[in-house]
Amino acid sequence: MKTTSLFCRPVLSDKRIAPFRVSSQSDAPPSATFRIEKATEKAFSRPRDSRRIAPHAGPRIQTVHVDPRVAMKTPPHPLDDLTAAEITAAASTVKSALLSAEDAGESEEIRFSYVTLAEPAKLAMAAYLAGEGPVPARQAEVIATIVSKMDAYVFVVNLGDAPSVASKDPVPEGCQPLFSPDDCFLAEEIVKADEAVCAEIAERYGVDPADFGTSLICDPWSVHVATPDFEPLRWRSDGRAARLIQCFLYWRNDEADNQYAKPLDVLPVVDLHARKVIHCSRQPGATPPKIGFKTNVNYHRASLQTNSYLPTEHRPPMKPLDVVQPDGANFAVTEGRFVRWDKWCVRLGFNYREGLVIHDATFEGRSVMKRASLVEMAVPYADPNPPFERKCAFDVGDYGLGYCADSLELGCDCLGRVRYFDATLCDSKGEPYVIKKAICMHEEDMGVLWKHVEYRNGHNEARRARRLVVSFVATVVNYEYLFYWYFNQDGSMEYEIKLSGMLSTNLLSAGERVDGEGGDCDGDPKHGVLVAPGVNAQVHQHMFCARLDVAVDGGNNVVEEVDLVTGCVGKAAGIGDPFANAFGPVKTRLATEGGAIRVCDQTKARTWRVSNPSVINPITTESVGYKLVPFTRGAAQPVLLTGSE
């Protein structure tokens, strides 16, 4: 778990909001142990498909059919996501532009990586919100590729009654657009259709090719090129860049079987432009590792009874825990996704890449945050044994968290009075589809917000804490990432990321097996943990990069690093410390982006303060601000642990 939090002053008001109760609906006394039932199915490792049906849910998507003759209805706010009609219009405009300008025939395949809102410029939005400027132009950003020519372009499209191309720029040679869900499924289809790969797997493992359709699983990963002489980079005779994706292979006995207990040691690399396998790696070793096809490590209800050493049935359920809000929720939603709750106002956005986006967060009418989102995530694996030196994922930029979003369910993902928001995205044909219930919003009781007892006379006062939770969940192949934005009554915001799902596994490498020739019962992985007989879960990190456009009482903000050190410092600098008990904060202004590349230091309780020097607190006579406080939950984590090169 990794958490980043923004904090400000406590709230001592006892302003009433609608009642919120947690009750146990059973014949047990009120002190009975409560439980929020564990959603075991949510740990399902599913192939990457933003349109896949969850095992406990209804259809996750709805295909949207749009009549192009119908005029587009402009959403009420410039930051609202593109509608299905706008996606269709933008894709149609781009396709027409490519077919007419690039000497392409009508039968040419145009493959879309994304169609998304081109957010208005910050100054234009500020002028509009202040009533000093017009409504910003409604535009879409599009990346599309002419497959036969391998040429990709970034478009900006003017929307409205007569959509038109505002700009068109080629994707630079050597760069590639992200992989859409359709790209990932295409890679799996290519691997399963490759005769050489299938023949090798059948020979090495003695499996029936007739079972490949359901039993061979291909997890698509981008290729982390560790060395410049990586052969697939230069396989094309025309010198053009290949669009590479590697597929880690697994075997499952049926659709309810956990394939991560049965990794294979064959790693094909696909060129999506050429639509074929162009390279295949294997783990070094004289003989292929033995796969324990009868070794089952399952969590699916339909296959628990087949487990080899894990429990074969679910634990007995506990007594129900129900969240009851008899007067309804305290939040109100207007103008699409504009949310009011207690003293907070916030606008919610969603796109293919970042997933959930926070816009224009204010507290008591005062600006706190203009925009906040997760913009990248790096997951490097620490196994130098070939071919795992190229196992590394940038899950946001490579695949898009929005594309990987789940459809959320009441009772498993959210409790209480819940408000869901759908997300409209597009597929590789430029056609819109809807992920139902992509965003969940609800309230949570958070225990005691503030309490004090005057011990002399026994006077006791306390305030219960409540928070607004806005969340979404992304399934990125084997992992589930659960993203939570918290808005608290004391004016603080928090961002929490939880990790769930399955570990990406591999067989033991040569030198790690018990007999060196494919032993499947024991082993000693040097760069991971043995999680099943002969199965290694490699050591890895999750590095999250959030972009916070903080705007404390406006845009005139400065950033300071604050360290807690011993001695007379700050305002007390120069004063003697005869008893060596003084300590205090030392502030360092971070004036440039380069100078602000900093590292967490828990030994100094390091935080970062964003303040507005033009707004002064009348009591402290210092500028008002927010603190960025890392690791408010769990142990502090290290920086990137790879080598300096």
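Taken together, the residues in the stretch 582-614 that are acidic (Asp, Glu) and either surrounded by fewer than 12 Cβ atoms within 10 Å (Cβ to Cβ) or in contact with a strand residue (DSSP E or B) (Cβ under 6 Å, 6 or more places away or on another chain) (or both) amount to 1.
If the requirement is being among the aliphatic types (A, V, I, L, M), under 28 Å from Val552 (Cα atoms) and modelled with pLDDT of 95 or more, which of these qualifies: Ile439, Ile435? Answer to the selection: Ile439. For the stretch 521-532, which residues satisfy the criterion of being touching a helix residue (DSSP H, G or I) at 6+ places or on another chain (Cβ under 9 Å) and open to solvent by 20 Å² or more (accessible area, probe 1.4 Å)? Listed by number, the residues that qualify are His527, Val531. Filtering the stretch 537-581 to residues that are surrounded by 17 or more Cβ atoms within 10 Å (Cβ to Cβ) and among the aromatic types (Phe, Trp, Tyr) leaves only Phe544.
Based on what the data block shows, is Val142 more than 27 Å from the chain's Cα centre (by Cα), within 21 Å of Pro181 (Cα to Cα) and of a type in the set (A, V, I, L, M)? Against the criterion (more than 27 Å from the chain's Cα centre (by Cα), within 21 Å of Pro181 (Cα to Cα) and of a type in the set (A, V, I, L, M)), Val142 does not qualify. Within the stretch 149-165, residues that are touching a residue at least 24 places away in the same chain (Cβ under 8 Å) sit with their Cβ atoms under 6 Å from residues that are among the charged types (D, E, K, R), at 6+ positions apart or across chains, in these pairs: Met150/Arg240; Tyr153/Lys168; Phe155/Lys168; Val156/Glu141; Leu159/Glu86; Leu159/Arg138. Whether any residue in the stretch 104-123 is of a type in the set (Lys, Arg) and assigned to a strand (DSSP E or B) is what I want to check. Within the stretch 104-123 (the criterion being of a type in the set (Lys, Arg) and assigned to a strand (DSSP E or B)), the answer is yes, since at least one residue qualifies.
Scanning the stretch 435-452 for residues that are closer than 30 Å to Gly336 by Cβ and of a type in the set (Lys, Arg) yields Lys436, Lys437. Taken as a whole, the condition of being in contact (Cβ under 8 Å) with a residue 24 or more places away in the chain, of a type in the set (D, E, K, R), touching a strand residue (DSSP E or B) at 6+ places or on another chain (Cβ under 9 Å) and not in a strand (DSSP E or B) applies to Lys429.
Looking only at residues of the stretch 98-136 that are within 15 Å of His359 (Cβ to Cβ) and open to solvent by 40 Å² or more (accessible area, probe 1.4 Å), we find that the one that is nearest to the chain's Cα centre (by Cα) is Glu119. Scanning the stretch 367-397 for residues being open to solvent by 30 Å² or more (accessible area, probe 1.4 Å) and over 20 Å from Tyr495 (Cα atoms) gives a total of 5.
Regarding Ala89, is this residue open to solvent by less than 30 Å² (accessible area, probe 1.4 Å) and in a helix (DSSP H, G or I)? In short, yes. When Ala462 is tested against (1) over 27 Å from Gly397 (Cβ atoms); (2) touching a residue at least 40 places away in the same chain (Cβ under 8 Å); (3) open to solvent by 20 Å² or more (accessible area, probe 1.4 Å), only condition (2) is not met. Within the stretch 279-291, is even one residue without any contact (Cβ under 8 Å) to a residue 60 or more places away in the chain, assigned to a strand (DSSP E or B) and out of contact with any Leu (no Cβ under 8 Å at 6 or more places or on another chain)? Within the stretch 279-291, one or more residues are without any contact (Cβ under 8 Å) to a residue 60 or more places away in the chain, assigned to a strand (DSSP E or B) and out of contact with any Leu (no Cβ under 8 Å at 6 or more places or on another chain).
Considering the stretch 414-442, and only residues there that are of a type in the set (Phe, Trp, Tyr) and open to solvent by less than 20 Å² (accessible area, probe 1.4 Å), the residue that is farthest from Asn488 (Cα to Cα) turns out to be Tyr433.
The values are calculated or read from the model by the stated rules, or taken from the named source; none is laboratory data. Every value quoted in this text rests on a predicted model; they were computed, and no experiment measured them. We place every Cβ from the backbone using ideal geometry, glycine too, and count neighbours over all the protein chains shown. Please note that ligands, DNA and RNA were not included when accessible areas were found on the heavy atoms of the full protein model with its side chains. Shrake-Rupley method; radii C 1.70, N 1.55, O 1.52, S 1.80 Å.
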